[in-house]
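Participant: The structure's right below; bear with me while I get my questions together.
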Amino acid sequence: MSNRSKGWGIAVAACVGIWLVQNGSEHVTPPVPSAAQAFAAGPSVHTDAAADPLPPSAPVRLRIPETDVDTPMMGLGLAADGSLDVPPAGNRNMAGWFEDGTPPGAKGTAIVAGHVDNAEGPAVFYTLGALKKGHRIEVDRQDGRTAVFTVDAVEVYENKDFPDRKVYDEADRAEIRVITCGGGFSKKNGYQGNVVAFGHLIGVR
Amino acid sequence: MRTTVRLFTRTALTVAAIGAFAVPPAYAGNSETLEIYPSEATPGTTVTVNTLACGKHGRGVGDANSLGAGEFHLNPSTHKEVVVGQFTVPEHVKPGTYGISVACDNGKTARGDLIVKHRRPSGHVQTGVGGSVGPDTAQVTAGAAVLAAAAVGGVLLLRRRASGAQGH
């Protein structure tokens, strides 16, 4: 190899190194769902039929096999401002469900929320924005049954335009919503939105 | 066997559901109208009831035990022919329709239905503080390593060039 081509090689390596350092120093944020995962992009090619709803029974554990989520569940109420309460921020592997509402697997809309991160780093639903249509959400219940949901869409909403009815209204089949923070982050205002995964019951184990 | 058990469970649940919403027979018959405001309420709401049944300057005792709110008293309102009373919807009552009855001192009764609905959450959730947001340390480390290697390579190349030039 000539000295000239060696020189070029070193120059290219230096550029790559600078780019890596610069790019890596920028903020890495949690995954954001792509437009293809929104309802507007249409249903996934293979959509499982809705299963008959189960009688109500509280959830105890939630799993999302594709993203290695496996978390215990706690009951949540409403905060003073009417928003859904959230699990304690100190616990990075804890999801909650709205216990005055529909339990997962029963007819209606079960609402689940968990942190995307806390002060120490990523938390239970860090990867929620990476979910795709057709992925599974499994919920173990107190009655010993496991309710299996398929993901219908993953959408991201600005905090100021959060669609209450679309997310929280009772469905007339067994549906689930899994909610976490996302959609851009600024040091001043924190996360600017919520990522919401929508699913419906397709089976029971 | 399992199907039988499920069928039985479902039947039992249906029976229980019918039982919960059925109008107790004791209230049927000559009861007068009990106005309930609001007629649909969420847990924690104060509900006001009034009726003409108790008559002018009358009094009565209300029964909200169907939803666990106990008994309450009805007293004459500013409109003397109407008696008014209040109770609070308990926090943990299930959604559904609950019969409220009033027994007046004059022996008359009144009844009405209260529909309990649960609040839904509103607005976005507060589930992150940004602790996962920050530099990608692996990438920065890799970049630094590549830069270091390029620097070493550059120094070696320059030295070789220098010694090569001397050799000529």
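Throughout, read-outs are computed from the coordinates displayed, never taken from laboratory work. Being a predicted model, the structure only gives us computed values, none of them experimental. When we count neighbours, we look across all protein chains shown, and the Cβ atoms used for this are built from the backbone with ideal geometry, even at glycine.
Participant: Name every cysteine in the protein assembly as shown that ends up alone, with no second cysteine's Cβ under 4.7 Å, or say none.
Facilitator: Result for the protein assembly as shown is A:15, A:181, no neighbouring Cys Cβ within the cutoff.
Participant: Next question. What does the average come to when, for each residue of peptide A:93-99, you count the partner chain Cβ atoms lying within 10 Å of its Cβ?
Facilitator: 1
Participant: From the backbone phi of the stretch A:99-108, what are the Karplus-calculated ³J(HN,Hα) couplings (6.51 cos²θ - 1.76 cosθ + 1.60, θ = phi - 60°) in whole Hz, Gly and Pro given as x?
Facilitator: 7, 7, x, 7, x, x, x, 7, 5, x
Participant: Given H placed 1.01 Å from N in the peptide plane, which residues other than close sequence neighbours of residue A:203 have an amide H under 5 Å from its amide H?
Facilitator: Placed amide hydrogens put A:51, A:148 under 5 Å from residue A:203.
Participant: Can you give me the distance in nm between label points at residue A:132 and residue B:118, each placed 7 Å from the Cα along the Cα-to-Cβ direction?
Facilitator: Placing both labels 7 Å beyond Cα along the Cβ direction yields 3.5 nm.
Participant: So what J values fall out for the stretch B:112-125 if you push phi through Karplus, 6.51 cos²θ - 1.76 cosθ + 1.60 with θ = phi - 60°, rounded to Hz, Gly and Pro as x?
Facilitator: Here the 3J(HN,Hα) series is x, 10, 10, 9, 9, 10, 9, 5, 9, x, 9, x, 7, 9 Hz.
Participant: How large is ³J(HN,Hα), in whole Hz, for each residue of the stretch A:72-77 in order, when computed from phi with the Karplus curve 6.51 cos²θ - 1.76 cosθ + 1.60 and θ = phi - 60°, using x for Gly and Pro?
Facilitator: Going residue by residue, I get x, 10, 10, x, 10, x Hz, with x marking Gly and Pro.
Participant: From the helices alone, meaning DSSP H stretches of at least four residues, give me the mean residue ellipticity at 222 nm for chain A, per-run term -39500 (n - 2.57), in deg cm²/dmol to the nearest 500.
Facilitator: -4500 deg cm²/dmol
Participant: Moving to a separate point now. Taking H as built 1.01 Å from N, whose amide H comes closer than 5 Å to the amide H of residue B:32, not counting residues under 5 places away?
Facilitator: Residues meeting the amide H criterion: B:109, B:110, B:111.
Participant: Using only atoms on other chains, find how many Cβ atoms lie within 10 Å of each Cβ of peptide A:182-190 and report the average.
Facilitator: Shielding by partners across A:182-190 averages 2.
Participant: Further question on the same structure: Can you compute log10 of I(q)/I(0) for the stretch B:19-116 with the Debye formula, treating each Cα as one identical point scatterer, at q = 0.16, 0.24 Å⁻¹?
Facilitator: So the normalised log intensities are -0.59, -1.24.
Participant: For chain A, what number of Lys pairs, 8 or more residues apart or on separate chains, have alpha-carbon atoms under 27 Å from each other?
Facilitator: Taking the Cα cut-off of 27 Å, the pair count is 9.
Participant: Then there's this: Other chains near A:83-89: what is the mean number of their Cβ atoms within 10 Å of each residue's Cβ?
Facilitator: The mean count of partner-chain Cβ atoms within 10 Å per residue comes to 4.
Participant: Compute the distance from the alpha-carbon center of the stretch B:98-138 to that of the stretch A:123-181, in whole Å.
Facilitator: When both Cα centres are located, 20 Å separates them.
Participant: Using only the alpha-carbon atoms, what does the stretch A:31-204 span along each of its principal axes? Please give whole angstrom values in decreasing order.
Facilitator: 46, 33, 30
Participant: Considering Cα pairs under 8 angstrom that are at least six residues apart, work out the relative contact order of chain A and quote it in whole percent.
Facilitator: Over chain A, the number comes to 23 percent.
Participant: Over the alpha carbons of the protein assembly as shown, what is the largest minus smallest coordinate on each principal axis, giving the biggest first in Å?
Facilitator: Taking max minus min along each principal axis of the Cα atoms, the protein assembly as shown gives 127, 57, 34 Å.
Participant: Give me the distance between the Cα centres of the stretch B:28-91 and the stretch A:182-205, rounded to whole Å.
Facilitator: Distance between centres, Cα-based: 44 Å.
Participant: According to a simple spin-label model (label point 7 Å from Cα along Cα-to-Cβ), what is the distance in nm between residue A:61 and residue B:92?
Facilitator: 2.6
Participant: Between A:64, A:18, A:176, which gets the highest mean-square fluctuation from a Gaussian network model of chain A, Cα cutoff 10 Å?
Facilitator: Residue with maximal mean-square fluctuation among A:64, A:18, A:176: A:18.
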